[in-house]
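Notes follow the structure.
Read-outs throughout are calculated quantities, based only on the coordinates presented, and are distinct from any laboratory measurement. Everything numeric here is computed off the predicted structure, so don't read it as measured data. With ideal geometry, Cβ positions are generated from the backbone for all residues, glycine too; neighbour counts draw on all protein chains shown.
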Amino acid sequence: MATAFADTGSSSLSGGSGSSSLSGGGGSSSLSGGGDLPPYSQWISEVQTVAAQAQDYLAGRLPGATRPAIVFDIDNTVLETQYNPGPITPAMAPMLALAKWAKSQGAATIFVTGRPALMNIYTQINLSAVGYSVDGLYGSALTTLSAGSSGLQEYKTNARIDIEGDGYTIVANIGNSASDLAGGHAEKTFKLPDYDGALS
Ligand SMILES: [Mg+2]
């Protein structure tokens, strides 16, 4: 089990988006998404396309893989953080289906989020409540890590190195921000839309 808890520093509980508000850059205090976001139906459709590509790939990769793991970003990747915020944020259906399928094929499903590690318990409750199997959960160090920042990217890369150190083979890394995916330590990456940063 690779649940990591960072232990230093302090941070806001902004959901890991740092200086990028959860309003999608629209400048309001609403959590319902800014004006830059396309309709929900378009977002889901675009995610579904990537999820299908990932499943096609994994169907060929998972058989015979040694301790395969898939790493997922959380906000706006596996949860509908900006489109449907709430105390329990709903799962993004195409990603939940992919995660459940991958789990059934022997993959561990491990989550690496920019949310501060102080929120891990809350985050794990949310993920489990909406149907995800949480084999590992990495919350960020308690510094301000803006979405897309080099610090966030470095933290996420180091989390994947730690996962590999636990003996997993990271066959896929899936996220909606470039900082989720850069830095290597995954056989393949799958990029979901972020609409030029409007989705954290
Ligand atoms: Mg995200």
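If neighbour count is taken as other Cβ atoms inside 10 Å, put 157, 49 in order from fewest to most. Walk me through the intermediate numbers first.
Working: 157 20, 49 13.
Ordered from fewest to most neighbouring Cβ atoms within 10 Å, 157, 49 come out as 49, 157.
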Handout entry: Amide H contacts of residue 83 (H built 1.01 Å from N, under 5 Å, at least 5 apart or other chain)
Key = none
Practice task
Provide the packing ranking of 94-104, 119-129, i.e. peptides ordered by the mean count of other C-beta atoms within 10 Å per residue, highest first.
Solution key: 94-104, 119-129
Completion exercise
Mean Cβ-within-10 Å packing, highest first, puts peptides 39-46, 132-139, 171-178 in the order 171-178, 132-139, 39-46
Completion exercise
In Å³ per residue, the alpha-carbon convex hull of region 67-191 encloses 93 Å³
Exercise for the section: Return the aspartates and glutamates within reach of residue 103: Cα separation strictly under 17 angstrom, same-chain partners fewer than 8 residues apart disregarded; answer none if there are no such residues. Expected result: 56, 73, 135
Completion exercise
Stretched fully, the stretch from residue 66 through residue 133 gains (0.36 nm per residue minus C-alpha distance, one decimal, in nm) 22.2 nm
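Quote to one decimal, in nm, the extra length available between residue 56 and residue 150 on full extension: 0.36 nm per residue of separation minus the C-alpha distance between them. List each step's numbers first, then the result.
Values: separation 94, 0.36 × 94 = 33.84 nm, distance 3.09 nm.
My answer for the length gained is 30.7 nm.
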